[in-house]
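J.: Sharing a structure, written as structure tokens. Questions coming.
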């Protein structure tokens, strides 16, 4: 190895939580000027390992070395002092502060009088945003922005610390294709500048494209290490899951053309979407796809009563309805699985059981008495059905992996016996096996009489899972594809800006 290269080594790292051995003598390294990717199923131990590197979690045993010198990382400040930086999968932003203030949070520039130099802060923030080809007003309040913009701020926060090593945990989860290409250009520039990058993603095509080395973590242990030239998607899946390949989930629902359950007529709202007329039939899986800002995600939020409409009509079971709040939607039998499951889909400080029966709390309560036993029975049923990995239904949801948290969100709506489910980016940030399970659940739901709208930019998933796909650009519908006309290239071109 080149003596001029910096080296970060995590050696023999172990960590146990009650009932779970999260990491078992894991050794992982990254050197300057390389991208070393870390992959594995949800719950494999990736987040725990990176939490230890960032000082959020303390290992039970093992050491961390930088350039063969043992270092101690007791908290994130220690990591910062060692020139380690992380782009979190979960956003760690202050919603009441500006973009610039968030980018330099804890790293603020001061003038000679010890006062924060806001002019310099905004100047540097603009330079960072410009470096990744993003035009974002640094004076905007972060709480008024969307999830994609939050992700961009997280990336800039990490870059602002001028790190020697940087962890990118699902950095593209909320980015469109153009922004992903911009990010990859940035990563290559960082590599050329001698920064070592640990890259974590469930998007295997991205992993192969951007990585120099790929390490597979399975059940808290290192399973295999691949050089870029030896890696393929099928080999990575086999190493992660223990099977040769996960079969793509071609739609198996028994959908037949029948009556509409949900319909919109010329639905419009400000600068979010315009003249949207769509129909969802009973038993149908309908895909919506469009890049960031196209209006796809906002349509689902409108149908669930989170944001209003200015014009247009919503029909449910052929009746004109008013959906002015989520409660209106729930009363009709509509459930919503949000893209931001941690902040909008779950109560993180509550248990798996509490979250699973959240939508039927009133049903389980009689004369102010909550039937905890029945709640436990229902939760156990969905833990088994959805294969949620947890040793105790009273465990906090915050301690579950991303894929298992997503299953809990789905469980609470399945318990409600909804007629329509709205899935907003249902497989974002989860592994291939969990994706397969979620699509099987979607099929089971529609086969039992439900209907589903899935908003996603994962075109291959929509093709194999949906009965129809509607594409959007610039707040309007562009094209509708029936199953017999599905074509990945045509659908991708239909959502790309011209």
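J.: Can you find a residue in the stretch 91-107 that is in the same structural domain as residue 146 (by TED's automatic domain parsing), touching a strand residue (DSSP E or B) at 6+ places or on another chain (Cβ under 6 Å) and modelled with pLDDT under 95?
T.: No, the stretch 91-107 contains no residue that is in the same structural domain as residue 146 (by TED's automatic domain parsing), touching a strand residue (DSSP E or B) at 6+ places or on another chain (Cβ under 6 Å) and modelled with pLDDT under 95.
J.: In the stretch 457-483, what residues are at pLDDT below 90, within 14 Å of residue 427 (Cβ to Cβ) and in contact with a strand residue (DSSP E or B) (Cβ under 9 Å, 6 or more places away or on another chain)?
T.: 457, 458, 459, 461
J.: Which residues, counting only those in the stretch 478-491, are farther than 16 Å from residue 465 by Cα and in a helix (DSSP H, G or I)?
T.: 489, 490
J.: Same structure, new question: Yes or no: residue 374 surrounded by 13 or more Cβ atoms within 10 Å (Cβ to Cβ), closer than 27 Å to residue 328 by Cα and either without any contact (Cβ under 8 Å) to a residue 12 or more places away in the chain or outside the structural domain of residue 421 (by TED's automatic domain parsing) (or both)?
T.: Spelling it out, residue 374 is indeed surrounded by 13 or more Cβ atoms within 10 Å (Cβ to Cβ), closer than 27 Å to residue 328 by Cα and either without any contact (Cβ under 8 Å) to a residue 12 or more places away in the chain or outside the structural domain of residue 421 (by TED's automatic domain parsing) (or both).
So that you can scan it fast, the table gives a plain yes or no per residue for (1) touching a helix residue (DSSP H, G or I) at 6+ places or on another chain (Cβ under 8 Å); (2) crowded, with 16+ Cβ neighbours inside 10 Å; (3) touching a residue at least 24 places away in the same chain (Cβ under 8 Å):
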position: 63; (1), (2), (3): no, no, yes
position: 73; (1), (2), (3): yes, yes, no
position: 76; (1), (2), (3): no, yes, no
position: 86; (1), (2), (3): yes, yes, yes
position: 115; (1), (2), (3): no, no, no
position: 135; (1), (2), (3): yes, no, no
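J.: Would you check which residues across the stretch 310-355 are part of a loop (DSSP other than H, G, I, E, B), touching a residue at least 24 places away in the same chain (Cβ under 8 Å), in contact with a strand residue (DSSP E or B) (Cβ under 9 Å, 6 or more places away or on another chain) and surrounded by fewer than 22 Cβ atoms within 10 Å (Cβ to Cβ) and list them?
T.: 310, 317, 318, 333, 340, 348, 349, 350
J.: OK, next. Inspect the stretch 398-420 for any residue being without any contact (Cβ under 8 Å) to a residue 40 or more places away in the chain, in a helix (DSSP H, G or I) and over 27 Å from residue 207 (Cα atoms) and give the result as yes or no.
T.: Scanning the stretch 398-420 turns up at least one residue that is without any contact (Cβ under 8 Å) to a residue 40 or more places away in the chain, in a helix (DSSP H, G or I) and over 27 Å from residue 207 (Cα atoms).
J.: Read through the list (1) over 30 Å from residue 4 (Cα atoms); (2) free of Cβ contacts under 8 Å to residues at least 12 places away in the same chain, then give the number of the only condition that residue 188 fails.
T.: The number of the failed condition is (1).
J.: Could you please find all residues in the stretch 436-453 being touching a residue at least 60 places away in the same chain (Cβ under 8 Å) and in a helix (DSSP H, G or I)?
T.: The answer is 436, 439, 440, 442, 443, 446, 447.
The values are calculated or read from the model by the stated rules, or taken from the named source; none is laboratory data. The shown structure was predicted, so the numbers you read here are calculated from the model rather than taken from an experiment. Note: ideal-geometry Cβ built from the backbone for every residue, glycine included; neighbour counts use all protein chains shown.
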